[in-house]
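The values are calculated or read from the model by the stated rules, or taken from the named source; none is laboratory data. The structure presented is a predicted model; accordingly, all values stated were derived computationally and were not measured. Virtual Cβ from ideal backbone geometry, glycine too; neighbours counted across all protein chains shown. With ligands, DNA and RNA removed, areas are computed over all heavy atoms of the protein, side chains included. Shrake-Rupley method; radii C 1.70, N 1.55, O 1.52, S 1.80 Å.
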Amino acid sequence: MRIAVAQILSGTEPADNLQLVRDYTARAADAGAAMVVFPEATMCRFGVPLAPVAEPVDGPWADGVRRIAADAGLTVIAGMFTPADDGRVANTLLAAGPGTDTHYDKIHLYDAFGFTESRTVAPGREPVLIDVDGVEVGLTTCYDIRFPQLYTALARRGAQVIVVAASWGSGPGKLEQWTLLARARALDCTSYVVAAGQADPGQTLSASGAPTGVGGSLVVSPFGEVVAAAGADPELLVADIDSERVHAARDAIAVLRNQADFVDADEAESPG
């Protein structure tokens, strides 16, 4: 299966960002991709109030993504913001395409490195998988990549490819962490990891403290090898996913099969 990663630079206008989705999806279709993955916050970049731009998953922006996917005949995965019940928003990953119309709400919120995402964003609860051309694909978002248990859970549910859509925060060592984490999660779950990040907007936006991207999108094999990688600027990556590589990795690196169930000592019952 051929996949594409759209490393874009989102702005603050959802309509303009939808045009980016349209343009990059057309390029992905021309390249023969069955799926194109856009970053977190494709609908609107971080650093501005999100509640005024949030729309439900059956709203006009999401419907625009659905039309783009239908016209191109491939699966489009893109980050948006949807209203939550408590007045916050959900950090939502929309997946639309042939036989697919679903969404994932980010479970692990970015309350780290001086940023408090949970102040304005409500957490999701459920892992989500989709089928793309007979391949099971797990959906994750940005800070999720620091939590290997989500990745192994998705792999145990059948995922051979796990997408992570991000708007990675800048800072010393952060780009290196992003690359390291993508490779580590691929080895943890012996699956392909498709890591789509926002392009680097430069020093002006980075100084705001909001996570607005560092570039460095990449595709990692289930053996932890970097199959394709982007630089800092907007770019379309195209790579081929081979399910046989997943089977070979799971035979050779049997971490999913060998993983032990255990009870933390603090949670174990004391002898009576």
(message) Please report the carbon-and-sulfur percent of the accessible area for segment 2-257; probe 1.4 Å, protein heavy atoms only, DNA, RNA and ligands left out.
(response) 51 percent
(message) Rounded to the nearest 5, what % of DSSP beta bridges with both residues in segment 2-257 are antiparallel?
(response) 65 percent
(request) Work out, step by step, the length gained on full extension between Gln19 and Asp251: first 0.36 nm times the residue separation, then minus their alpha carbon distance; give nm to one decimal. (result) 79.2 nm
(request) Please give the calculated 222 nm ellipticity per residue for the chain, where each DSSP H segment of at least 4 residues contributes -39500 (n - 2.57) and the sum is spread over every residue; nearest 500 deg cm²/dmol? (result) -8000 deg cm²/dmol
(request) Would you mind putting 175-186, 152-163, 46-57 in packing order, based on average other-beta-carbon counts within 10 Å, highest first? (result) 152-163, 175-186, 46-57
(request) Tell me which label goes with the value of Rg and Dmax of the Cα atoms in Å computed from the coordinates here: (1) 18.0, 67; (2) 17.6, 49; (3) 19.1, 58. (result) (1)
(message) Output needed for segment 53-167: three equivalent-ellipsoid semi-axes, defined as square roots of 5 times the C-alpha gyration tensor eigenvalues, in descending order, whole Å.
(response) 23, 20, 10
(request) Give the relative contact order (percent, whole number) for segment 2-257; include only Cα pairs under 8 Å separated by 6+ residues. (result) 20 percent
(request) Would you mind computing, in nm to one decimal, how far apart the modelled labels at Asp133 and Asp30 are, each placed 7 Å from Cα along Cα→Cβ? (result) 1.9 nm
(message) Over segment 2-257, with the other protein chains present, what is the accessible area per residue in square angstrom, probe 1.4 angstrom?
(response) 39 Å²
(message) Connecting C-alpha atoms closer than 10 Å in a GNM of the chain, tell me which of Asp261, Asp58, Asp30 has the biggest fluctuation.
(response) Asp261
(request) Determine the distance separating the Cα centre of segment 182-237 from the Cα centre of segment 132-147; give it in Å without decimals. (result) 13 Å
(request) Take every DSSP beta bridge whose two residues both sit in segment 87-226, then give the antiparallel share in percent to the nearest 5. (result) 55 percent
(request) Can you work out the PRE-style zone for Gln149? Point 7 Å along Cα to Cβ, and I want the residues of segment 236-259 with backbone N under 15 Å. (result) none
(request) Identify, among Leu93, His103, Pro234, the residue whose Cα sits farthest towards the positive end of the charge dipole of the chain, taking +1 on the Cβ of Lys and Arg and -1 on the Cβ of Asp and Glu, with the dipole about the Cα centre. (result) Pro234
